[in-house]
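Throughout, read-outs are computed from the coordinates displayed, never taken from laboratory work. Note that the coordinates shown come from a computational prediction; the quantities given were computed from them, not determined experimentally. Because the Cβ atoms are built from the backbone with ideal geometry, glycine has one as well, and the counts that use them run over all protein chains shown.
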Amino acid sequence: MNQTSGRIAIIGGGPIGLAACAHALAHGLDPVVIEAGTGVGEHLRQWGHVRMFTPWECNLDHDAAALLKAWGWQPPGGNACPTGQELVEHYLEPLANLPELRDRVHLQSRVVGVSRSGIDVLKDKGRFEAPFVLRIEAPDGERDLLADAVIDASGTFGQPNWMGAHGMPALGEARWAQRVTYGLPAVLKEGRDRYANRRVLVVGAGHSAFNLLRDLAELGEAAPDTRVLWAIRGDSLARMFCGCADDPLEERGRLGLEVLRLVSDGRIEVYPGVRIERLEEGADGLLIHGEGQSLPPVDEVIVATGFRPDLSLLSELRLELDPATQSPVRLAPLIDPNVHSCGSVPSHGAEELRHPEQGLYILGIKSYGRAPTFLLRTGYEQVRSVVATLAERAAQRE
């Protein structure tokens with residue numbers, strides 16, 4: 001065996017990364033988790049105020065929960081859906097602090113590149129015999145880590161989509177960045193002073209936007225000069241809300257119906273068919289212009305248009321990605337948002353997630369590329385299949 005035998009480098013200390021670590025330990029492998037944040041579940045903390053759409057039992061990995069139970073941990077019960085922060089505090093942090101995992105999770109360590117030792121993306125000879133090398137930046141400097149396999153579970157939350165309808169930033173989006181926020185700011189908590197009694201535009205048509213709209217409307221009850229505007233690229237509100245009453249994820253359906261009620265009551269001003277091209281400062285606020293359409297002036301913009309994977313750290317490795325979703329090519333038809341919702345994506349594993357670069361797997365929401373149809377329970381099935389495959393390969397090498 002070589003010095004990296006059985007070592008799996010896991011990028012990201014979120015639910016998928018820690019589950020991969022637990023599964024690897026169960027298979028007798030040598031996992032190392034590299035997490036850029038100051039704690040595990042960094043992305044979840046950033047939307048910790050938001051309630052998930054699935055109950056606790058759907059958000060726990062079986063092997064990880066088994067490790068926890070061996071130390072007396074009791075899983076949260078009932079049908080309640082946790083918030084992001086609750087998932088971190090009651091599941092991820094206890095898991096990462098177990099004796100089996102504690103020394104394997106490296107915080108404040110950012111992977112900035114992955115390659116093969118002594119081999120770049122062009123070279124064939126000896127490629128798959130060479131270990132992976134991960135370049136890591138940490139407060140005490142940079143270092144390289146060698147590994148037999150790499151699991152990238154770094155997520156997509158740090159890479160939000162732009163406001164511009166072309167997939168690029170709208171003209172002026174960078175210039176007025178101090179007035180624009182991306183993702184899911186806590187408008188009822190840390191962001192209250194910023195958004196109270198202001199004219200706030202939410203851009204996006206997904207459930208992140210729904211959460212923001214509901215919270216801004218609630219903010220408006222205490223701060224009555226708050227004005228909530230909503231810009232969507234599509235032309236049909238009916239299509240967006242048609243499945244809410246029968247949504248198999250009750251929490252998600254309830255949220256949609258609540259936003260629909262707020263729209264019907266006039267508490268949210270909707271602007272459909274907006275394809276944003278340009279931002280500029282006007283005499284009375286920030287002006288948003290689309291194709292032949294301009295919105296009323298606003299004070300703040302929140303962009304909730306989804307996320308995309310950061311693939312730059314894997315640029316020296318050989319990937320095979322679908323050109324539309326930016327997911328592995330065999331996975332793409334299973335998660336296509338034009339066909340599937342979260343609940344209709346079939347189980348899939350190592351076969352659908354493989355790349356030409358043997359031993360590399362992108363797991364979790366990052367494996368879905370730009371598709372928004374991910375659920376944690378599907379990610380845990382990915383983990384189970386991929387780690388079992390890596391364990392089988394490690395056994396064959398011994």
*asked:* Using a 7 Å offset from the Cα along the Cα-to-Cβ direction at both D103 and A66, what is the distance between the two label points in nm, to one decimal?
replied: 2.4 nm
_Prolate/oblate/rounded label for region 319-362 (Cα gyration tensor, a/c 1.5)_ = oblate
*What is region 124-166's relative contact order, in percent, from Cα pairs under 8 angstrom and six or more apart in sequence?*
28 percent
*Determine the gain in length on full extension of the stretch V270-Q159; use 0.36 nm per residue of separation and subtract their C-alpha separation, reporting nm with one decimal.*
37.3 nm
*Convert each backbone phi in region 149-164 into a coupling constant with the Karplus relation 6.51 cos²θ - 1.76 cosθ + 1.60 (shift: θ = phi - 60°), then list the ³J(HN,Hα) values in order as whole Hz, x for Gly and Pro.*
9, 10, 10, 9, 10, 7, x, 10, 4, x, 10, x, 6, 7, 6, x
*the chain: most fluctuating residue of W71, W162, W230 per GNM, C-alpha cutoff 10 Å*: W71
_If the elastic network links every pair of Cα atoms under 10 Å, which of T181, T83, T54 fluctuates the most in the Gaussian network model of the chain?_
T181
*asked:* At 7 Å along Cα-to-Cβ for each site, give me the label-to-label distance between R135 and D30 in nm.
replied: 2.4 nm
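For region 121-167, which trypsin sites (Lys or Arg not before Pro) are both in a DSSP coil and crowded by at most 12 other Cβ atoms within 10 Å?
Working: sites: K123, K125, R127, R135, R143; in loops: K123, K125.
The qualifying sites are K123, K125.
Name the shape class, rounded, prolate or oblate, that the alpha-carbon gyration tensor gives for the chain, where a ≥ b ≥ c are the square roots of its eigenvalues, rounded holds for a/c under 1.5, and otherwise prolate holds if a/b is larger than b/c and oblate otherwise. Each step should come with its number before you reach the end.
Details: a/c = 1.99, a/b = 1.65, b/c = 1.21.
Prolate, since a/c reaches 1.5 and a/b exceeds b/c.
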*For labels at D225 and R239 in the simple 7 Å Cα→Cβ model, what's the distance in nm?*
3.9 nm
*Apply the Karplus parameterisation 6.51 cos²θ - 1.76 cosθ + 1.60, with θ equal to phi minus 60°, to every residue of region 365-379 and state each ³J(HN,Hα) to the nearest whole Hz, in sequence, with x for glycine and proline.*
5, 5, 5, 7, x, 9, 6, x, 9, 8, 10, 4, 4, 5, x
_GNM result for the chain, Cα springs below 10 Å: residue of N338, N211, N197 fluctuating most strongly_ = N338
*Mark the label point 7 Å from the Cα of R175 along Cα→Cβ and return the residues of region 289-307 whose backbone N is within less than 14 Å of it.*
289
*Contact order normalised by residue count of region 231-291, Cα under 8 Å, 6+ apart, percent*: 35 percent
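Report the FRET efficiency, 1/(1 + (r/R0)^6), for L257 and A324, where r is their Cβ-Cβ distance and R0 is 41 Å, rounded to 0.05. Please list the in-between numbers first.
Values: r = 31 Å, r/R0 = 0.75.
With a Förster radius of 41 Å, E is 0.85.
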*When all C-alpha to C-alpha distances in region 24-146 are sorted into bins of 5 Å, what percent of pairs does each bin hold, rounded to whole numbers?*
2, 10, 15, 17, 16, 14, 11, 8, 5, 2, 0
*By how many nm would the segment from E57 to Q358 grow when fully extended, if each residue of separation counts as 0.36 nm and the alpha-carbon distance is taken off?*
105.1 nm
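Is the shape of region 69-110 best called rounded, prolate or oblate, per the rule: a/c under 1.5 gives rounded, else a/b larger than b/c gives prolate, else oblate, with a ≥ b ≥ c the square roots of the Cα gyration tensor eigenvalues? Could the numbers behind the result be given before it?
On the way: a/c = 4.69, a/b = 1.45, b/c = 3.23.
Oblate, since a/c reaches 1.5 and b/c is not below a/b.
Express the relative contact order of the chain as a whole percentage, based on alpha carbon pairs under 8 Å and six or more residues apart in sequence. Don't skip to the answer; put the middle values down first.
Values: 795 pairs, mean separation 75.1, N = 398.
After rounding, I find 19 percent.
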_Order these by the 10 Å Cβ neighbour count, fewest first: C242, C21, C81, C58._
C242, C58, C81, C21
*Residues with amide H under 5 Å from that of I362, placed H, sequence gap 5 or more*: D152
*Top positive-direction residue, dipole computed over the chain with Cβ charges, set V33, V202, V121*: V121
*Using the Karplus curve 6.51 cos²θ - 1.76 cosθ + 1.60 with θ = phi - 60°, work out ³J(HN,Hα) for each residue of region 274-291 in order, rounded to whole Hz, and write x for Gly and Pro.*
8, 10, 5, 10, 8, 10, 8, 7, x, 5, 10, x, 7, 9, 10, 10, x, 6
*Grab the beta carbon distance between E93 and S294, set R0 = 56 Å, and tell me the FRET efficiency rounded to 0.05.*
0.75
_Mean-position separation - Cα centroids, region 113-188 and region 361-393, in angstrom_ = 18 Å
*What ranking do V228, V180 get, fewest neighbouring Cβ atoms within 10 angstrom at the top?*
V180, V228
